[in-house]
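The values are calculated or read from the model by the stated rules, or taken from the named source; none is laboratory data. Because the structure is predicted, anything quoted here is derived from the model rather than measured. Neighbour counts are summed over all protein chains in view; Cβ atoms, including those assigned to glycine, are modelled from backbone coordinates with ideal geometry. Note: accessible area is taken over every heavy atom of the protein model, side chains too, but ligands, DNA and RNA are not part of it. Shrake-Rupley method; radii C 1.70, N 1.55, O 1.52, S 1.80 Å.
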Amino acid sequence: MGLIPTKVIGGSTYLHINSLSCLDADAVAGVAKAELLSGVSRHVHFNLVRIDDAGVRIALLHYPDFFEDPFPSLRESWLVDMDRSIVSYRSYAQSFNPPILHRKELLLSTDDTRREAYATLTATAESIGLFDEPKRIGYRRQWLALVQEKGFRIEGHALVPLGNDESALTAVVDDDGQAPLRAGWQAARHLTAMVRYGFSAPVQSLARHGYLDGRNTVFDYGCGRGDDVRGLLENGVAAAGWDPYYAPDNPIVSAAIVNLGFVINVIEDFDERLDALTRAWSVAERLLVVSVMLSNQNNPRGEEFRDGVMTQRRTFQKYFTQSEIKGFLENVLDQEAIPVAPGVLYVFRDKDAEQRFLVDRFRSRRNGLRGLNAPSPRQREEGQKPLLDRAKAKYDAYREPLDRLWERWCRLGRRPDKSEVDDLIVLTEGFGSLPKALRFLEERHDPAEIERAAASRVADLEVFLALNQFERRKPYGHLERGLQQDIRHFFGDYAAAQARGQALLFQIANVQAIDEACRQACELGLGWFETGRYLQLHVSLVEQLPPLLRVYVGCAAVLYGDYRNADLIKIHTGSGKVSLMRFDHFEDHPLPRMVERVKIKLREQNIDYFAYGEYFEPPFLFHKSRYINEEFRNYPEQMAFEQALDNLKLVDRSVFGPSPDVFVSELSRQRWTISGFDLVRSRTIPNLDDHCGRFLTFRQLIECGETQLQTGLPNLPVQPESYNALVELVEQVLDPVIDYFGMIRLTYGFCSPPLARKITGRIEPRLDQHAAHEKNRMGVPICSRLGAAVDFIVEDENMLAVAQWVVANTPFDRLYFYGEDRPIHVSYGPNANRAIVRMIPGKSGRLVPRVVKALG
């Protein structure tokens, strides 16, 4: 594309729409067709275009702050498959970690006055090493963290060194060393601490739902050795426990939350089981948590005893089904038991707390609102005028209570009343009244933010009301005060609210509506959608789904428990099913392996459970990036790993991938291994008869050549890297040659130092790359060029034609041509010089090397 201002990355060309007129006629027509297929217009909907090398795919990209933002964020994109006329849309409008653009000066003409400032910024970034780690620069979160690591912050179109100002540091990264998702965002760090400690499943569920924030006392009925109690105390939670064997002298006391964890399933006597349950319930002031072992095909074998089994360790186990334990609790306690995880159920004594739990359980965790530290459009407009010192001083004086008030307003979607404000006295003293404090906040924010919060809250309430009706939950004698205010404000009365919830519930039977909601979710980066089949996504994204899909998943959770115990969730659009999948080390491995799959059949009100391990080999999860998004930890590394794996052509992206045995075998054959999120070459020594590429073995590359055959020297490489270099030479050069011309005859391959000493002819081990990565006695590579080399001939072929084909079709390093009927020397290595050397007879008759640009 000549002198047109463009940026080329990985075979794709980026250009600004102002440069479209400079393209050739075919390219201009291609962009126009993509624009038509997408139903968008340049300047209005997109301002950048990406064209791949073949023009088969064209992306229309919208960077709304292209000129204002030093590293602009992508807002939305339309990816057009030109051959199939298919458009894929993706919005990053609500993403906390959108892709960002670098080196934008390359997209401007040389006479653009802004180009110099942009180029200066790029030069500064290069000088401090910001572009040295390509995996970390593509997304805003990782980029901001990297900038801070280098000791800088971004100010306008400049990189400014950080001083000792702690506020500058805080603005860039959070406590975990990650760039903040957005102003006002906070991670659930208490949950992370709980999980790391190794708490039991019921206690971890309490942490997930916010009950271990220090405001509730906890009593562990049947605490065993007391691990949970000790951990809770260390985390600042008031806790105590009793156990008939390990802590019989401890008093049984009342507490806000009582945990009856894996107790009733080990009691063989039914009456004692009832006694333990009713006694635990009697001391639970607010909530009783009950957990049991669930039955599955991997239950330990044992001797039948009463309604359970006596295990080989002579312990009793009663294995329940989820519906069985739910029915048992409800029959005994005459209270509703709410499944929150497999084998973990909540029974609330405090019905207001129960209602708050049910409302919040499927609440959307994303409303796209800014915190007070992020300027609204209204503030940006006013920012051009001097701020009123008095208003600024008042905000600074009451920043913390104002922040909490704004957060509460955003959460409720309506103005909070006095009973819902923690800082009422402070705000009244500062502003005269709560309404005045709310007006002060309203003036500092865009009204659209409050409208979005209200819409989000209405959707959450509709989900709650729909799920209440799905569960046929008995009407409450009264509504919790906050819920009363929500219904009055958003719906008018309870009957109208119930009707809205019922209408949403009935929609889950509408296959077309489910399919459309899945498509919308996919466009927002929430999972992988196969039209008419399923949407599959990570469980952390469920809370961002459209309300209809949250109800769909919520109905499944009624039967199963908390879906968050899984890693992936699959919403089957046509069959009324939801599948949950759990993997080993999902977050920390690029290819996690499935250990459990649960299929929840809504129409049959039944569950199928499948475990992997003893009888069924756990399959790998290929294409993991499809089911997460850019906000997920290690997402850039995951994308880079999958691209590297795609380059090996081991996994077909259109299917689920090969079986574990086949994949591991093929990966090993190609001498690759997985280290973290990287594919690295193996450091093992292979068997000589192992395949090296598709057509050859290592033995053929090592035991070849006249001298080796005469002497019978083993000629074995010592360095693992030498074997890897031979593999790369074969894959990149020899395999393509054999594929095109047929089998070759190797006349000289790998050459070890002992073999080199036996060769009487003229050789240059320090230059010819036949020694691969072998080292001399000083530990230095014999040939500094590294890589590997062979000499070969193709019988009945003109070797000039073969050499020309190698030059045109392979990424060789060096090629030596000796004559039309003689072997050629070819190497492949890290330098990729593509040097062509023609050996020409000199005056003495000896061949003299001459570097040429082409073989003619």
message: Just to confirm, what accessible area per residue do you get for region 205-338 at 1.4 Å probe, in whole Å²?
response: 50
query: By the gyration tensor of its Cα atoms, with a ≥ b ≥ c the square roots of the eigenvalues, what is the shape of region 467-590: rounded for a/c under 1.5, prolate for a/b over b/c, or oblate?
result: prolate
message: With a 1.4 Å probe and all protein chains left in place, how much of the accessible area of the chain comes from carbon and sulfur atoms, in whole percent?
response: 50
Set of lysines near residue 104 by C-alpha distance (under 19 Å), chain-local residues within fewer than 8 positions excluded: 7, 135
message: Full-extension gain between residue 757 and residue 110, please, as 0.36 nm times their residue separation minus the C-alpha to C-alpha distance.
response: 227.0 nm
field: Approximate spin-label separation residue 767-residue 540, in nm, with each point projected 7 Å along Cα-to-Cβ
entry: 5.5
- prompt: At q = 0.14, 0.15, 0.16, 0.20 Å⁻¹, what is the log10 ratio I(q)/I(0) for region 402-542, with the Debye formula run over Cα points and no solvent?
  reply: -0.85, -0.93, -0.99, -1.19
message: Between residue 684 and residue 8, what is the label-point separation in nm under the 7 Å Cα-to-beta-carbon projection?
response: 4.0
query: Taking residue 775 as the anchor, which lysines have their alpha carbon closer than 21 Å to its alpha carbon, excluding any fewer than eight residues away along the same chain?
result: 758
- request: Once you have the Kirkwood Rh of region 748-856 from its Cα pairs, apply Stokes-Einstein at 25 °C and 0.890 mPa s and quote D in µm²/s.
  value: 167
- prompt: Over the Cα atoms of the chain, what is the Rg over Rh ratio if Rh follows Kirkwood?
  reply: 1.04
- prompt: What ratio of Cα Rg to 2.2 N^0.38 Å holds for region 242-364?
  reply: 1.13
statement: Cα pairs beyond 15 Å in region 574-617, in percent, come to 51
task: Search the structure for amide H atoms under 5 Å from the amide H of residue 824, placed 1.01 Å from N in the peptide plane, and list their residues when 5 or more places away or on another chain.
output: 792
Projected label distance in nm at residue 809 and residue 25, using a 7 Å step from Cα toward the beta-carbon: 3.3
query: For region 456-466, what does the Karplus curve 6.51 cos²θ - 1.76 cosθ + 1.60, with θ = phi - 60°, yield as ³J(HN,Hα) per residue in whole Hz, taken in order and with x for Gly and Pro?
result: 5, 5, 4, 4, 4, 5, 5, 4, 4, 5, 5
- prompt: Of the beta bridges DSSP finds with both residues in the chain, what % are antiparallel, to the nearest 5?
  reply: 85
At 1.567 mPa s and 4 °C, Stokes diffusion of region 692-788 via Kirkwood alpha-carbon radius, µm² per second: 95
- line: Per the C-alpha gyration tensor (a ≥ b ≥ c, the square roots of its eigenvalues), region 542-628 is rounded if a/c is under 1.5, else prolate if a/b beats b/c, else oblate; here it's oblate
message: With the cut-off at 1.5 for a/c, could you classify region 734-779 from its C-alpha gyration tensor as rounded, prolate or oblate?
response: prolate
query: To the nearest Å, what is the center-to-center distance of region 787-856 and region 43-92, using C-alpha atoms only?
result: 44
- request: Determine the per residue accessible area of region 540-680 with all protein chains present and a 1.4 angstrom probe, expressed in square angstrom.
  value: 41
query: Hey, what D do you get for region 436-491 in µm²/s if you plug the Kirkwood alpha-carbon radius into Stokes-Einstein at 10 °C and 1.306 mPa s?
result: 119
- prompt: Rounded to the nearest 500, what is the chain's calculated 222 nm mean residue ellipticity when only DSSP H runs of at least 4 contribute -39500 (n - 2.57) each, over all residues?
  reply: -10500 deg cm²/dmol
- request: Compute the accessible area per residue over region 696-825, keeping the other protein chains in place, probe 1.4 Å, unit Å².
  value: 46
